[in-house]
Every structure is written in structure tokens, then in C-alpha cells.
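To start, the structure itself, in C-alpha cells.
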Amino acid sequence: MIKIENLHKTFGKNEVLKGISTEIGQGEVVAVIGPSGSGKSTFLRCINMLEEPTEGTILFKDQEVTTQASKIQQVRKKIGMVFQHFHLFPHMTVLDNLTYAPVTVNKTAKREAEAAARELLKRVGLADKEGEYPGRLSGGQKQRVAIARALAMNPEVMLFDEPTSALDPEMVKEVLDVMKSLAQSGMTMAIVTHEMGFAKEVADRVLFLDGGILVEDAVPAEFFAKPKSERAQAFLEKVL
Ligand code: ADP
Ligand code: MG
């Protein structure tokens with residue numbers, strides 16, 4: 001589904017990604033973990049061209065994700081993204097948050113978009129919130145709306161950047177449960193997370209980044225039981 005070859009990203013003199021190569025297969029769930037500042041967000045943002053790679057290539061279904069604006073638009077439609085801080089449209093109701101992109105970008109008929117949105121709200125357990133404004137929702141509810149909004153575009157891949165890091169502890173599970181059921185439905189997912197239990201249980205592979213280098217690319221059972229590198233060992237000792 002996604003093939004990343006020799007991905008470099010430099011901000012000024014700061015080389016944040018130092019040649020990352022990996023693949024994400026269809027239906028695969030990949031957890032991206034590593035210390036703060038290791039380049040996890042930048043890595044995710046390069047996949048849908050929120051950041052332009054300095055060097056290297058990213059292929060989405062064998063098509064190169066280029067810097068050409070029209071092509072970026074096409075690819076982005078197929079790649080949903082969920083952020084730590086939700087990024088909902090505050091002045092729109094929950095339902096309008098979900099229908100906005102399908103109606104304006106995909107030219108879906110409003111009524112059709114609303115029907116699909118209501119199904120998605122059911123799926124994330126928020127059927128009764130369609131007329132609510134984001135400001136009146138809890139963090140966990142906001143994040144579930146954000147996931148539903150991304151799904152409203154019928155993406156083929158979902159990217160999550162620390163989706164539970166801004167949540168109060170009691171709301172983490174409701175969001176992880178939605179992500180887990182999405183994973184079980186066969187969605188291709190890349191998730192930056194500090195939830196090691198979730199990564200272990202749900203991910204098919206773990207990518208461990210440190211200092212902009214992909215230090216380990218392993219199955220969770222092996223990675224968490226016995227990471228190969230000292231850097232991963234030290235990281236796990238701190239977080240587990
Ligand atoms: P992580 O998500 O693993 O914490 P990031 O990808 O956010 O790491 O950041 C890695 C490094 O890149 C940091 O040193 C950060 O300051 C730098 N960085 C990230 N985004 C930008 C940007 N837009 N401009 C300049 N530097 C950035
Ligand atoms: Mg980050």
C-alpha cells in the first residue's frame with residue numbers, strides 16, 4: 001500500500017529523518033514508537049505530504065507521491081489523518097464536521113453525505129451528538145468525531161499521530177477501542193503512540209525511530225520481549 005524509500009527530511013540544518021525505508025502492506029497496522037523528537041510526526045506527515053521530503057520517494061499503491069499539487073490532493077483524499085489535538089472545525093456541528101469534506105471536495109450530495117456520516121457516528125458511539133458543537137464534547141468524544149470525520153472520506157489508509165496523548169486517562173480507552181475495531185475491520189493504519197499495551201496487542205509491526213533513523217522494524221511480540229538494539233532497550237525500560 002505504501003512504500004517508503006530512503007526518506008530524508010531536513011529543516012534548515014536539522015536533519016530530522018535520515019534515510020528511512022519501509023513498507024506498509026494493505027490491511028497492516030503499524031505502530032510507530034520512539035523518544036520525543038525522534039521524527040515520528042515528521043515521518044507520518046511526509047506520508048501524506050504535509051511535509052515535503054528532502055530526498056527519497058514515497059509510493060502509494062505504486063504511484064509516486066510527488067510534490068505536484070493535483071497529485072497530492074488525490075493522495076490525501078485516500079489517506080485520513082488524526083491528530084493529537086483533534087483539529088475539528090469549532091464553528092460547525094459534529095454532523096457538518098463529517099460532511100464538509102465529502103460535500104466540498106468529493107462533491108457528494110449533501111443528503112448522501114449525511115446518511116454516511118450518521119452511520120459513522122454510530123460506529124464511534126456518538127449517534128446522539130450529531131447536532132452538538134465540538135466545544136461541548138469531551139476530549140474522547142472529540143477524538144472519536146475526528147476519527148469519524150477522517151473515515152467520511154473513505155480513506156484507504158489512516159494515519160494517527162498520538163491520538164490519545166492529549167486525553168484524560170479515563171478517555172483513552174474509548175478512543176483506542178474505536179481504533180482497535182477499525183484495525184479489525186481491515187483498515188491499513190500507521191499509529192504514532194506511547195500506548196505500548198495497545199501497540200503490542202493491535203499492531204502487526206512496530207517501527208522504532210530514534211534520532212531520525214529506523215532502528216527497528218519488528219513484530220511486536222519480538223520487539224517488546226527482546227528488542228535488538230540498545231537504544232530500544234533503553235527506551236522500553238523508561239516507558240514500560
Ligand atoms: P516526534 O514526533 O518524534 O516527537 P518530530 O517529528 O515532531 O518528532 O520532530 C523531530 C524534530 O524535527 C524536532 O527536532 C523538531 O524540532 C523538528 N521539527 C519538526 N517539525 C519542524 C518544522 N516544521 N520546522 C522545523 N523543525 C521541525
Ligand atoms: Mg510527534
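Figures for the structure shown
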quantity: Top-ranked residue of segment 45-60 - restricted to ones that are open to solvent by 10 Å² or more (accessible area, probe 1.4 Å) and of a type in the set (Val, Ile, Thr), ranked as farthest from ligand 1 (Cβ to nearest atom); calculated: THR57
quantity: Residue within segment 3-20 that is under 18 Å from the mean Cα position of the chain (by Cα), more than 13 Å from ligand 2 (Cβ to nearest atom) and either among the basic types (Lys, Arg) or modelled with pLDDT under 95 (or both) present; calculated: yes
quantity: Qualifying residue in segment 191-205 (condition: of a type in the set (Ser, Thr, Tyr), assigned to a helix (DSSP H, G or I) and at negative phi); calculated: no
quantity: Some residue of segment 196-218 being open to solvent by 50 Å² or more (accessible area, probe 1.4 Å), closer than 24 Å to GLY25 by Cα, out of contact with any Leu (no Cβ under 9 Å at 6 or more places or on another chain) and in contact (Cβ under 8 Å) with a residue 24 or more places away in the chain; calculated: yes
quantity: Segment 147-161 - residue that is assigned to a helix (DSSP H, G or I) and either within 11 Å of the chain's Cα centre (by Cα) or at pLDDT below 95 (or both) and, of those, farthest from ALA116 (Cα to Cα); calculated: ILE147
quantity: Considering residues of segment 1-14 that are of a type outside the set (Val, Ile, Thr) and closer than 20 Å to ASP217 by Cβ only, the residue surrounded by the most Cβ atoms within 10 Å (Cβ to Cβ); calculated: LEU7
quantity: Filtered residues of segment 32-46 (kept if within 17 Å of PHE83 (Cβ to Cβ) and outside any loop (DSSP other than H, G, I, E, B)); calculated: VAL32, LYS40, SER41, THR42, PHE43, LEU44, ARG45, CYS46
quantity: Residue within segment 162-178 that is of a type outside the set (Gly, Ala, Ser), touching a strand residue (DSSP E or B) at 6+ places or on another chain (Cβ under 7 Å) and part of a loop (DSSP other than H, G, I, E, B) present; calculated: yes
quantity: Single residue of LYS226, LYS238, LYS200, LYS180 found to be among the basic types (Lys, Arg) and closer than 24 Å to PRO155 by Cα; calculated: LYS180
quantity: Check on THR57, in a strand (DSSP E or B), more than 16 Å from ligand 2 (Cβ to nearest atom) and not aromatic (Phe, Trp, Tyr); calculated: yes
quantity: Members of segment 17-44 found to be in contact (Cβ under 8 Å) with a residue 40 or more places away in the chain, open to solvent by 30 Å² or more (accessible area, probe 1.4 Å) and within 12 Å of ligand 1 (Cβ to nearest atom), listed by number; calculated: LYS18, PRO35, SER41
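Residues checked against (1) touching a His at 6+ places or on another chain (Cβ under 6 Å); (2) modelled with pLDDT under 95; (3) polar (S, T, N, Q); (4) under 21 Å from ASP177 (Cβ atoms):
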{"residue": "SER70", "(1), (2), (3), (4)": "no, yes, yes, no"}
{"residue": "GLN74", "(1), (2), (3), (4)": "no, yes, yes, no"}
{"residue": "MET92", "(1), (2), (3), (4)": "no, no, no, no"}
{"residue": "LYS110", "(1), (2), (3), (4)": "no, no, no, no"}
{"residue": "ARG123", "(1), (2), (3), (4)": "no, no, no, yes"}
{"residue": "VAL145", "(1), (2), (3), (4)": "no, no, no, yes"}
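The values are calculated or read from the model by the stated rules, or taken from the named source; none is laboratory data. Fair warning: this is a prediction, and the values are worked out from it, not measured in the lab. Please note: Cβ atoms are built from the backbone with ideal geometry, for glycine as well, and neighbour counts cover all protein chains shown. Heavy atoms of the whole protein, side chains included, go into the accessibility calculation; ligands, DNA and RNA do not. Shrake-Rupley method; radii C 1.70, N 1.55, O 1.52, S 1.80 Å.
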